[in-house]
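Following: one structure in structure tokens, then a few remarks.
The values are calculated or read from the model by the stated rules, or taken from the named source; none is laboratory data. Keep in mind that what you see is a predicted model, and the values were worked out from it rather than measured. Every residue, glycine as well, gets a Cβ built from its backbone with ideal geometry; the counts of neighbours run over all protein chains shown.
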Amino acid sequence: MTPPIKILLQTTITAVEDDWAINRFSMLRAYLAGLTDTTGTPLFEVTARDRSVAHGPDPLLSTLDSSDFDEMWLFAVDVGDGLDSADCAAISRFREQGGGLLVTRDHMDLGSSLCTLGGVGRAHFFHSRNPEPEEARRRIDDRETAYILWPNYHSGANGDFQEIEVLDPPHPVLQDPERPGERLRFLPSHPHEGAVGAPADDPSARVIAMGQSKVSGTRFPLAVAFEGTNGVGRGIAQSTFHHFADYNWNSASGCPSFVSEAPSSRLARCPAAQRSVHLYVRNLALWLAGRSPS
């Protein structure tokens, strides 16, 4: 019997009720924990947690390389101070030893503590740190919230979905395992997605999916894949953690009080879009652990 893949779902903040703490990713956790193989055996064993300390090394993150987790999904929801240097060092060692790593953030400088994380962290561009090229920085894409500056790609309302462009050759995480030859089409949308790109000096990395702003029409990368080579674990850099949040899967689940944009309920009413999102999550979890999603 193949043991379940051990996944850590982790935020970069402590358990703050009125914020994007780990309890706002409960649908993701429940979906992954409920997946089974053909014999009914769970595919994944899921642990979900926030930081246990606001400052200094987190007891788990700073020792991640000595844990028995197979992969970590890191939701960088901080304002720039979410990871300690000891956390970053252990996370880097974790991937160097073969652990899978999904790293995601949001608009402007939200999650910019990722800049202190090597490898997958280098794929993330922020307003004040590791910025996008000059031509991208001149554009204010999301115009509903003028106080949010670039990067802020407007792919749609929270609770809605966007049709994505899968780049050739289609990556395994974006192929439909139940319909050979077909690609996944939809991901949740968000009014101000962040910016990611493949580091120019890393041949293992490439952009695998693009979105398009509903305001400016600008195409922008949604996900960057890092192939595992020479024993290094696989990685994904994602443009926003809102692709995985409860509020974006079903806006009726609620959101922090500081969210001001009008939501949509379209994703919760569209089985085809929900299926695409669920398969993407399943594919990610298997691929990051070195298994085939098909």
Legend entry - Answer residue from the range 168-214, given it is surrounded by fewer than 18 Cβ atoms within 10 Å (Cβ to Cβ) and hydrophobic (A, V, I, L, M, F, W, C) and is modelled with the highest pLDDT among those: Met210
Inset, instruction - Of all residues in the range 18-38, count the ones that are within 17 Å of the chain's Cα centre (by Cα) and either basic (Lys, Arg) or over 15 Å from His242 (Cβ atoms) (or both). - result: 6
Legend entry - Scan of the range 93-110 for residues that are closer than 29 Å to His192 by Cα, at pLDDT 95 or above and either in a loop (DSSP other than H, G, I, E, B) or small (Gly, Ala, Ser) (or both), ordered by number: Gly100, Arg105, Asp106
Legend entry - Subset of the range 231-256 [more than 24 Å from Pro151 (Cβ to Cβ) and at pLDDT 95 or above]: Val232, Gly233, Arg234, Asn250, Ala252, Ser253, Gly254
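Would you check if Phe186 is aromatic (Phe, Trp, Tyr), touching a residue at least 24 places away in the same chain (Cβ under 8 Å), more than 28 Å from Ile91 (Cβ to Cβ) and touching a helix residue (DSSP H, G or I) at 6+ places or on another chain (Cβ under 6 Å)?
Against the criterion (aromatic (Phe, Trp, Tyr), touching a residue at least 24 places away in the same chain (Cβ under 8 Å), more than 28 Å from Ile91 (Cβ to Cβ) and touching a helix residue (DSSP H, G or I) at 6+ places or on another chain (Cβ under 6 Å)), Phe186 qualifies.
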Inset, instruction - Output yes when any residue across the range 166-177 is within 17 Å of the chain's Cα centre (by Cα) and closer than 23 Å to Cys255 by Cβ, and no when none is. - result: no
Legend entry - All positions within the range 222-242 that are within 17 Å of Leu167 (Cβ to Cβ) and either surrounded by fewer than 24 Cβ atoms within 10 Å (Cβ to Cβ) or aliphatic (A, V, I, L, M) (or both): Leu222, Ala223, Val224, Ala225, Glu227, Ile236, Ala237
Inset, instruction - Test Val224 against the stated conditions and say whether it is under 25 Å from Ile22 (Cβ atoms), part of a strand (DSSP E or B) and modelled with pLDDT of 95 or more. - result: yes
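Yes/no per residue for (1) touching a residue at least 40 places away in the same chain (Cβ under 8 Å); (2) in contact with a helix residue (DSSP H, G or I) (Cβ under 9 Å, 6 or more places away or on another chain); (3) among the small types (Gly, Ala, Ser); (4) closer than 23 Å to Pro59 by Cβ:
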| site | (1), (2), (3), (4) |
| --- | --- |
| Lys6 | yes, no, no, yes |
| Thr12 | yes, yes, no, yes |
| Asp19 | yes, no, no, yes |
| Phe25 | yes, yes, no, yes |
| Asp37 | no, no, no, no |
| Glu45 | yes, yes, no, yes |
Legend entry - Tally, over the range 111-125, of residues that are modelled with pLDDT under 90, outside any loop (DSSP other than H, G, I, E, B) and among the small types (Gly, Ala, Ser): 1
Legend entry - Whichever residue in the range 49-82 is surrounded by 22 or more Cβ atoms within 10 Å (Cβ to Cβ) and in contact with a Phe, Trp or Tyr (Cβ under 8 Å, 6 or more places away or on another chain) and, among such residues, is nearest to Gly99 (Cα to Cα): Met72
Inset, instruction - Determine if the range 126-139 includes at least one residue that is at pLDDT 95 or above, hydrophobic (A, V, I, L, M, F, W, C) and buried (at least 19 other Cβ atoms within 10 Å of the Cβ). - result: no
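Could you tell me whether any residue of the range 145-163 is under 15 Å from Val224 (Cβ atoms), buried (at least 22 other Cβ atoms within 10 Å of the Cβ) and modelled with pLDDT under 95?
Checked the range 145-163: at least one residue is under 15 Å from Val224 (Cβ atoms), buried (at least 22 other Cβ atoms within 10 Å of the Cβ) and modelled with pLDDT under 95.
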Inset, instruction - Just give me the residues in the range 248-282 being among the basic types (Lys, Arg) and either surrounded by 14 or more Cβ atoms within 10 Å (Cβ to Cβ) or within 21 Å of Thr104 (Cβ to Cβ) (or both), in sequence order. - result: Arg266, Arg275, Arg282
Inset, instruction - Could you list all residues from the range 248-280 that are within 23 Å of Asp142 (Cα to Cα), hydrophobic (A, V, I, L, M, F, W, C) and in a loop (DSSP other than H, G, I, E, B)? - result: Cys255, Phe258, Val259, Ala262
